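Novice: Here's a structure for you.
The values are calculated or read from the model by the stated rules, or taken from the named source; none is laboratory data. Keep in mind that this is a model prediction, so the values were computed, not measured. Cβ placement follows ideal geometry from the backbone for every residue including glycine, while neighbour counts extend to all protein chains displayed. Surface areas here come from the heavy atoms of the whole protein model, side chains and all, with no ligands, DNA or RNA. Shrake-Rupley method; radii C 1.70, N 1.55, O 1.52, S 1.80 Å.
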Amino acid sequence: MAKLRTAMDSTFWDLNVSSPRNLEGSARAIPGEPFPLDGARASRALRIQQVSLLGNGFPLGIIPSFGPTAHKELGSFALQTLLLRPETANWWLGLIGQFRPKKLISSIKAEFSNGGEWELPGFKDVAKHFMDKSLYSLGLSSQLALGPSSSIMLSTEGHGERKGRRHKMMLFQKARIAAIFLYMYSLYSINNHTEHQLPNHDITLEAAWPELFIDHKGQYWDVPESISLDLSSLVSKSGLRYRFGLHKNSGHPQALNANNGEAPLALLPGLCAKAAFSYEKDQDFWRQKEKEEDVMVKTDRGLFWRPSYDVRLNEPHSAISGIIGGTCAAWFGGSEGLVAAASREDEEISLNAKKRSPLSADLFGSVCYTFQHGNFRKPYGDLTRVDARLDVCSASAFARRVLNGLKRSSVNSAENPVSSPRLNLIFQQQIAGPIVFRVDSRVLLDSSSGRRGPHVEDFIYSLSYSLRLLQSGKVVAWYSPKRKEGMIELRLFEF
């Protein structure tokens, strides 16, 4: 199934979207905006862990990525590699480096073209170009296991070309800092001397200075300080799930790839307390269960075990699934900061004219149909899969839109992007062996930007190589034409 839980996860501040903009390899989706594409969701593995494993399959352990920067002379192409990774039984430290070659190549070409003769001083001048700090980025991460189900992670990264932008960071003004505390625990109750295990919960405490967010238009925003505390339950057998969270923004968001525009309301300063619940259900129309004889292949040398390239794609089926849920939020503070920011003449972005409601409640829902042909076991033609998911991000905004009628539809859509439903389409086709081509697209079922009727709002192409040894792991190379970004990731159990 397509990720139904995106509907609930996207209402909080910790939904990661893949991005080459930083060495973490991800940016946060903004709550209150349309759900991101499934193909855009970041890997569950840390970026530094991905680079460590992916480096074994690339020459010299160098992994390419593609993403524009604010300085066009640096180019979009970048190379990443793992420079250092000492580790012990419960601790590891990793140092990742990034290099952008375009400016260096252009500078060297200009150096030789301007020089009349090849003299030693000319080579010294060439060597100076390698010392240009804007070409390099470094990221340091460390994780310490506090127990079998808890850990703490610290990471920092610095980009040579961004030194002038971190004017309020003091000691860390050139760095991006993130601290994550993860803790998973089980609740138990004693009844008649019998121990009953309740569903597991995840507790996450995260702080970042600054935090990088991305909106549904592909624009990036830096929030100077972002702190979150979340408690979420795992999905129970009944399909119920709930989540509680506190989030605090400090400072005013800065647009990284837009000269002007309104800052999203969810990123403005303030403290937010939010609770959400959801109920999900799925039903098979038909499903071909995998049998033991299906994975045994008879050859001249005897029987061999040949499982599917991905255990999540080993059964042909046709199914429908759905999720429905609700959220309620309360905002505290932030009004004083908005007034102060509005009075500054050098403000780079305009503040949102809409007022943020101190109390809000809403409903959301998604319904998905899935069809899969093949077991993804044979070398050719053994996987064709289509997922179609209809998302209603905000039931209240959608209801107001319907009541207002078609006359003001385009205005409402521009003011509130979640007022219109969206159709997410995912197509997967096996090319050869473990190689699969995939297209993720999001269709807006409404008018936008002066265009009438449904149209494609975003799409992502990807090519993946499934790793049978990991059961449900794959190397994914994706590209987003809308963002003009692409990278290579290692993804595990992404369903």
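Novice: Output the residues belonging to region 454-472 that are open to solvent by less than 30 Å² (accessible area, probe 1.4 Å) and at pLDDT below 90.
Specialist: Once the filter is applied, which keeps residues that are open to solvent by less than 30 Å² (accessible area, probe 1.4 Å) and at pLDDT below 90, region 454-472 yields HIS455, SER472.
Novice: When you scan region 1-75 for strands (runs of 3 or more DSSP E) that lie fully inside it, which ones turn up with 3 or more residues that are surrounded by fewer than 24 Cβ atoms within 10 Å (Cβ to Cβ) and modelled with pLDDT of 90 or more?
Specialist: 63-66
Novice: Whether any residue in region 255-265 is touching a helix residue (DSSP H, G or I) at 6+ places or on another chain (Cβ under 8 Å), under 19 Å from ALA29 (Cα atoms) and in contact (Cβ under 8 Å) with a residue 12 or more places away in the chain is what I want to check.
Specialist: no
Novice: A follow-up question, please. Counting residues that are modelled with pLDDT under 65, open to solvent by 90 Å² or more (accessible area, probe 1.4 Å) and of a type in the set (Val, Ile, Thr), which strands (runs of 3 or more DSSP E) fully inside region 102-201 reach at least 2?
Specialist: Per the criteria, no element qualifies.
Novice: If a residue must be touching a residue at least 24 places away in the same chain (Cβ under 8 Å) and under 22 Å from THR81 (Cα atoms), how many such residues does region 96-111 contain?
Specialist: Going through region 96-111 one residue at a time, the tally reaches 9.
Novice: Looking at SER228, SER233, which is the one that is within 23 Å of LEU363 (Cα to Cα), out of contact with any Pro (no Cβ under 9 Å at 6 or more places or on another chain) and of a type in the set (Ser, Thr, Tyr)?
Specialist: SER228
Novice: Find the strands (runs of 3 or more DSSP E) located wholly in region 202-280 whose residues include 1 or more that are aromatic (Phe, Trp, Tyr) and closer than 26 Å to LEU444 by Cβ, and list them.
Specialist: Hits in region 202-280: 211-214, 220-223.
Novice: Next question. Which condition number in (1) modelled with pLDDT of 85 or more; (2) open to solvent by 50 Å² or more (accessible area, probe 1.4 Å); (3) over 23 Å from LEU390 (Cβ atoms) is the one that TYR279 fails?
Specialist: Result: TYR279 passes all but (3).
Novice: When the residues of region 475-495 are filtered to those that are in a strand (DSSP E or B) and open to solvent by 20 Å² or more (accessible area, probe 1.4 Å), which remaining residue is farthest from SER420 (Cα to Cα)?
Specialist: The extreme case among them is VAL475.
Novice: Say we look at region 432-453 and pick out the residues that are among the basic types (Lys, Arg) and over 24 Å from the mean Cα position of the chain (by Cα); which of these is modelled with the highest pLDDT?
Specialist: My answer is ARG452.
Novice: Consider region 231-245. How many of its residues are modelled with pLDDT of 90 or more and within 19 Å of CYS272 (Cα to Cα)?
Specialist: 4
Novice: Take the residues in region 297-328 that are open to solvent by 70 Å² or more (accessible area, probe 1.4 Å) and outside any loop (DSSP other than H, G, I, E, B), then tell me which one is nearest to LEU271 (Cα to Cα).
Specialist: Going through the qualifying residues, I end up with ILE324.
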